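The values are calculated or read from the model by the stated rules, or taken from the named source; none is laboratory data. These figures come from a predicted structure and were not determined experimentally. Positions of Cβ are backbone-derived with ideal geometry, glycine not excepted, and every protein chain shown enters the neighbour counts.
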Amino acid sequence: MESLKQKYAKKLLTESISERISLADKKVLKALNENKKLDLILEKFDQQQMAQATDLIKKLKSLDFSKFKTLSQGRDKAISDVTAALSGQGSLVKKIIGLFSSEKENPLVDSLAFTGAMYNFFSTFSQYVKSIAGEDTDKTLMELVTGKTEDELGDISAVSGLGQEEKKKIDNIKKLIARGMKPEGKIINFSKNWIDKYLNGKEGLETLSDEMLKIKVKDLQAVIADTTNSLKTVNSVNDSVANASEKQTTPTSSTTGSEKSTTTSTSQSTKPTSPSSASSTKNTQNKAQQVAAVLKKAKLDQGTIKKVVTTLSKNNLL
């Protein structure tokens, strides 16, 4: 017959084992969830697409925005943000996956949204510039719209004295620039602040409009051609980026078919063991080995590992 001391010691041991199993369960589930996250990200944003994304950032750096102070400053800030996030030791792939796994703002998403916005804007704006300028590319858009020379426009009184028609045309160009500077597709849902971060919001767009109106059309067309040729893969990359981001915010759908599973088990209870049953047993064994490997990495002892695997198996968690 057990003494009170022995019963108490047994109780403490049982509680200790239960706590360790509970802790191990949490570690297992966390490890499995992390692995599932990684798989989901890589499924939608593989290593080839990651390489394309980083290549786009490199190409962005090479673009000559010297005539556009607004774009130049925004570009430098975007590159700086991505460089800071991906610098240091370790695998680049793991660092990129880490950006999508984190709850924090993803600088790669913001920078690519900014890159996509420039590409989409210049792709559309090029046709507008061509229709306005024709072959007269030595003039600025301001000159072409107002019909005044560069010297005349240099006089403040001349600008303030523009007619309503000229002012309306200039205002329309500014609206076209402000509304056209947007990324394409679902990435816009995952990058809310790129325009404030890299273009200083509405104020920055206004400044950019003034810059575009004041440079010669041939210089503007050179920037347009260089930008659209260099960044032509951005929309396909951004689609993948958006899908990878979406996987991190969409809850995993749960299976709620308890009645179906009960019916199935009942109807199959009188049937002999089939080859699929043997395959299922083998799969369970494989999963058990995988879980055991994860627990070993978590530095748990063999006894605890065995108990956790047994517990998961009994509860159909393998």
For this session: Filter segment 209-223 down to residues that are surrounded by 19 or more Cβ atoms within 10 Å (Cβ to Cβ) and not small (Gly, Ala, Ser) and give me whichever is nearest to Ser62 (Cα to Cα).
Result: Val223
Problem set entry | Count of residues meeting criterion [aliphatic (A, V, I, L, M), in contact (Cβ under 8 Å) with a residue 24 or more places away in the chain and out of contact with any Phe, Trp or Tyr (no Cβ under 8 Å at 6 or more places or on another chain)] in segment 70-84 | 2
Problem set entry | Verdict on Thr115 being assigned to a helix (DSSP H, G or I), closer than 16 Å to Lys59 by Cα, of a type in the set (S, T, N, Q) and without any contact (Cβ under 8 Å) to a residue 12 or more places away in the chain | no
Problem set entry | Residue list for segment 130-152, restricted to those being among the β-branched types (Val, Ile, Thr), surrounded by fewer than 19 Cβ atoms within 10 Å (Cβ to Cβ) and in a helix (DSSP H, G or I) | Ile132
For this session: Kindly check whether there is at least one residue in segment 174-196 that is in a helix (DSSP H, G or I), over 30 Å from Ala242 (Cβ atoms), without any contact (Cβ under 8 Å) to a residue 12 or more places away in the chain and among the acidic types (Asp, Glu).
Result: no
For this session: Report yes if Ala222 is of a type in the set (A, V, I, L, M) and modelled with pLDDT under 90, otherwise no.
Result: no
